[in-house]
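No lab work stands behind these numbers, since they all come straight from the coordinates. This structure is a prediction, so every number in the text was calculated from the model and none was measured. Counting neighbours? That spans all protein chains shown, and the Cβs are built from the backbone with ideal geometry, glycine included.
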Amino acid sequence: MSDLIFMTGATGVLGQELVKKLLLTTDSEIAVLARSKNRVLHSERVQKILKTAGMDSHYGSRVRVIEGDVTKHKFGIAKPDLENLKLNVKVFYHIAALTALNGSEKECRQINVGGTEHALELAWDLRKNGKLGRFVYFSTAFVAGSVWDYRSKEDALPEKPVFANYYESSKYQAEGKVREAMAKGLPVTIIRPSIVVGDSLTGEVSDFNVIYPFIKLFAHGILTKLPTHPENTFNIVPIDFVINATAAIMKDPRSLNKCFHLVSPNPPSIGSLVSLRESFPQSAEIEMIDPSDFNKDRLDAQGQMVFSMLEPYLGYLNGKLTFDTSNTEEILRDTDISMPVTDHAFLKTLITYAVKAGYLVI
Ligand SMILES: NC(=O)c1ccc[n+]([C@@H]2O[C@H](COP(=O)([O-])OP(=O)(O)OC[C@H]3O[C@@H](n4cnc5c(N)ncnc54)[C@H](OP(=O)(O)O)[C@@H]3O)[C@@H](O)[C@H]2O)c1
């Protein structure tokens, strides 16, 4: 049997693309953890995703589906499946998370912190009693919170980050647990993307999560006041770069026990993002207000409601957070993968795809 990869989060935006990449570029078999949802069986969900990608011929042969939920001890995996994982898993990707920026404290703790604790417990078991060679953890560049004027390093967590939402704080705690395990000898690689958006050439993405709902707020004229400066930047990264860079990182033995920022070296400004509203006839003029002069109590009732939808995103609009990418650049130097370009033309590509897919309406 070839190497077995075990992956959580394979039904999500990044997981789906990573499964495709692994099927196309390796001969590994992949066991994916999935749950049943909306009365669709866990296995049917994965089969459908593979079918959409034109890869359903691998279902049941190279891709096997294991039912489970990361909030449960050992993910609630049935004993025979656990035994099989123990015998064969070489690489374990823990990607599953609650990515909603407005997720509650309880949900984020259960899924992101609790889920990672369960993943680590399983990883130790697969390491001590099996063949696990590496635990790959998908963290986020925003474990650094939305602190101002902070340069986040790859090989450490900041001491006192200021968080914009429970998603960030729970991912910070979860990465802390992964780092503790790494210090105790678990072989680990940590991947920290910034805000993942569509493909660099086509804008294509399988779901419009994280930053897209914010774009919808201003594209559809709901947002008229924004506490930020137009020159502030927000860090987005195309999904193909994240997947290609992750594959390159995994191939390079120097990536063991290291962390990698997968971010844009030249992120776009808020001003350039907001200028895209010109493509949307129903969008309104947006007034950018210095955050220190902004008082949400002065907004009318509708403004306060919009502001409450906006709050989880504010960190991404106000932060002067920058990211060191030394580890990533060192690995990519020996490949044909370049750091991503996220200029105005790329923003237009993203918007054009979101309109074509019916997410944004012109
Ligand atoms: N997207 C970004 O902008 C971004 C940026 C930086 C880091 N990341 C990190 O990258 C990872 C993947 O992000 P994504 O955008 O692909 O997320 P996503 O599209 O929201 O997918 C989340 C995945 O986690 C699974 N999941 C959630 N709760 C679960 C549970 N209780 N048990 C089992 N599976 C569960 C989901 O399964 P269901 O399909 O069953 O819900 C889905 O497969 C996350 O760890 C995220 O923190 C993402």
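Determine the sum of side-chain charges near Glu168: Lys and Arg each +1, Asp and Glu each -1, restricted to other residues whose C-beta is under 13 angstrom from that of Glu168.
Summing Lys and Arg as +1 and Asp and Glu as -1 gives 0.
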Query - C-alpha center-to-center spacing [the range 317-358, the range 17-34] in angstrom - result: 24 Å
Query raised in the report: Based on the alpha-carbon gyration tensor of the range 200-239 and its eigenvalue square roots a ≥ b ≥ c, which shape applies: rounded if a/c is under 1.5, prolate if not and a/b is larger than b/c, or oblate?
Result: oblate
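Can you list the chymotrypsin sites (Phe, Trp or Tyr not before Pro) in the range 132-236 that are in a DSSP coil and have 13 or fewer other beta carbons within 10 angstrom?
Qualifying residues, ordered by number: Trp148.
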Report summary line: Compactness check, the chain: C-alpha Rg relative to the 2.2 N^0.38 Å globular estimate gives 0.99
Report summary line: Under the rule rounded for a/c under 1.5, else prolate if a/b exceeds b/c, else oblate, using alpha carbon gyration tensor axes a ≥ b ≥ c, the range 112-191 is classed as prolate
Query raised in the report: With each run of n ≥ 4 DSSP H residues scored as -39500 (n - 2.57), what mean residue ellipticity at 222 nm is computed for the chain after dividing by its residue count and rounding to the nearest 500 deg cm²/dmol?
Result: -11000 deg cm²/dmol
Query - Average projected area [Cα convex hull, the range 223-362], square nanometres - result: 10.4 nm²
Query raised in the report: Volume per residue, Å³, of the convex hull around the alpha-carbon atoms of the range 1-132?
Result: 105 Å³
**Report entry** Sparsely packed GluC sites (Glu not before Pro) within the range 198-299, loop by DSSP, other Cβ within 10 Å at most 12
**Finding:** Glu231, Glu285
Query - Cα centroid of the range 74-101 to Cα centroid of the range 212-243, whole Å - result: 33 Å
Query raised in the report: Any idea which of Val210, Asn232, Pro158 is furthest toward the positive side of the dipole for the range 147-257, if Lys and Arg beta-carbons carry +1 and Asp and Glu beta-carbons -1?
Result: Pro158
Query raised in the report: Longest segment of the chain with no trypsin sites (Lys or Arg not before Pro) in a DSSP loop having at most 11 other Cβ atoms within 10 Å?
Result: 185-332
